[in-house]
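Have a look at the structure below, then the notes.
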Amino acid sequence: MRDATIVFDLDGTLVDTAPDLTNALNDVLTRRGHAAVSIETIRSSVGLGARAMIEDGLRRARVSDDIDQMLAEFLLHYEDNIAAESRPFPGAVASLESLALAGARLALCTNKRERLTRKLLGALGLEHYFKGVAGRDTFAVAKPDPGHLTQVIALAGGKPARAVMVGDSEVDIRTAQSASVPVVLVSFGYAPAPLHELAPDAVIDHFDELAPQAAALLERSFARANPG
């Protein structure tokens, strides 16, 4: 793991943020007289961003509204309650600890805005683990553009040839593949359906499996780059 960079997605990968995001969405919907949505129905759109969640909520309610204004109201409520119910997934913190102790650099690549990302990490006591944090507005590009991933790897002091991406969505897989970075898919995230057909390099069901899977992928990348 020494000199390796492990890059995590945030929502649905490292932290279960769906409860607080759903609460923010329902606050906006119900105050405007629309029906609330359940966390189960909205879960698949969480990783697509706040605007997509609002559009999904309105579509399910079969109504229309001012999405820009709703987004502003959503963000205010969400920021004020950003870690009311959000928690790291089981084993996530222990995995961060073990990877860091093994010499890996840790980075975060998310399509959540950087300010909200840092506020959530701070509220959960996680920010100190990461050498680089990139939100959707940190660089000129965001996932699925591979530049989002390669630039945060550089920000953390690493190199793509010695990196692994960990995510839960098609966007994460496409981003990593476009950057030629191995990708580990977590099976417990927010993807609406199994993503095995997108050929992630590994799939884990619990964070206890991450370190050995990442080590194996790094070894494989090294072998490809140094044949014989």
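The values are calculated or read from the model by the stated rules, or taken from the named source; none is laboratory data. The model shown is predicted, which means the values in this text are computed figures rather than measured ones. Positions of Cβ are generated from backbone atoms using ideal geometry, with glycine treated the same way; all protein chains shown enter the neighbour counts. Side chains included, ligands, DNA and RNA excluded: accessible areas come from the protein's heavy atoms. Shrake-Rupley method; radii C 1.70, N 1.55, O 1.52, S 1.80 Å.
How many percent of the accessible area of the range 140-184 is carbon or sulfur, using a 1.4 Å probe? Don't skip to the answer; put the middle values down first.
Details: 920 of 1650 Å².
Percent of accessible area from carbon and sulfur atoms in the range 140-184: 56.
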| field | Per-selection metrics, the range 1-79 (Cα): Rg and Dmax in Å | value | 14.6, 54
| Of the heavy-atom accessible surface of the range 1-122 (probe 1.4 angstrom), what whole percent is carbon and sulfur? | 49
| request: Based on the mean of other Cβ atoms within 10 Å per residue, sort peptides 6-12, 204-210 so the most packed one is first. | output: 6-12, 204-210
| task | May I ask you to order 16-26, 30-40 by the average number of other C-beta atoms within 10 Å around their residues, highest value first? | result | 16-26, 30-40
| field | Label corresponding to Rg and Dmax of the Cα atoms in Å when calculated from the structure given, among [x] 17.7, 67; [y] 29.0, 103; [z] 15.6, 42 | value | [x]
| field | Where labels lie 7 Å past Cα in the beta-carbon direction, separation of E97 and R51 in nm | value | 4.0
| If you find the alpha carbon centre of the range 22-91 and of the range 191-228, how far apart are they in angstrom? | 32
| field | Å² of accessible area per residue within the chain, as computed with a 1.4 Å probe and no ligands counted | value | 45
| Most fluctuating residue of T110, T175, T41 in a GNM of the chain with Cα springs under 10 Å: which is it? | T41
